């Protein structure tokens, strides 16, 4: 793994939200980074020789960490996968309506029933 962090983040605005770009992480195949929320929940990102795992299993490990995964579309038909803390779903829906004019296509952890 290599990193290229900025001494001072690049700050920019997207639809009224201030974002801070702190730099880059370069992962080799089978290297993983875990992102941890203030509440201690984890979400992993792993490099493979064919691309990336963007999260742990949506209907098992991610769910056990207290997250739900949503497939979301915005007003220009761009599609995103968002990972939401279960206790913050109402905040997430407010964010989609207020800042993004986006809607939930489906909750991915509920989509597949075995």
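From the set of residues in segment 45-58 that are surrounded by fewer than 16 Cβ atoms within 10 Å (Cβ to Cβ) and touching a strand residue (DSSP E or B) at 6+ places or on another chain (Cβ under 9 Å), which is nearest to residue 103 (Cα to Cα)? Show your work before the answer.
Pass one, segment 45-58, residues surrounded by fewer than 16 Cβ atoms within 10 Å (Cβ to Cβ): 48-54, 57.
After this cut, where a residue has to be touching a strand residue (DSSP E or B) at 6+ places or on another chain (Cβ under 9 Å) as well, the list is 52-54.
Values: 52: 25, 53: 24, 54: 21 Å.
Out of the qualifying residues, it is 54.
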- Item | Residue list for segment 4-19, restricted to those being more than 30 Å from residue 94 (Cα to Cα) and surrounded by fewer than 10 Cβ atoms within 10 Å (Cβ to Cβ) | 4, 5, 7, 8
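Just a yes or no: is a residue in segment 18-32 within 30 Å of residue 101 (Cβ to Cβ), part of a strand (DSSP E or B) and either in contact with a helix residue (DSSP H, G or I) (Cβ under 7 Å, 6 or more places away or on another chain) or in contact (Cβ under 8 Å) with a residue 24 or more places away in the chain (or both)?
First, pick out the residues of segment 18-32 that are within 30 Å of residue 101 (Cβ to Cβ): 18-24.
Subset that is part of a strand (DSSP E or B): 18-24.
In the following step, the residues that additionally are either in contact with a helix residue (DSSP H, G or I) (Cβ under 7 Å, 6 or more places away or on another chain) or in contact (Cβ under 8 Å) with a residue 24 or more places away in the chain (or both) were identified as none.
Checked segment 18-32: no residue is within 30 Å of residue 101 (Cβ to Cβ), part of a strand (DSSP E or B) and either in contact with a helix residue (DSSP H, G or I) (Cβ under 7 Å, 6 or more places away or on another chain) or in contact (Cβ under 8 Å) with a residue 24 or more places away in the chain (or both).
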- Query: What helices (runs of 4 or more DSSP H), lying completely within segment 58-114, carry at least 1 residues that are farther than 21 Å from residue 17 by Cβ?
  - Reply: 61-64, 108-111
- Note on the structure: When residue 46 is run through (1) modelled with pLDDT of 95 or more; (2) assigned to a strand (DSSP E or B); (3) over 16 Å from the mean Cα position of the chain (by Cα), the failure sits at (3)
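The values are calculated or read from the model by the stated rules, or taken from the named source; none is laboratory data. All figures in this text were calculated on a predicted structure; none of them were measured in a lab. Cβ coordinates were reconstructed from backbone atoms using ideal geometry, including for glycine residues, and neighbour counts include every protein chain displayed.
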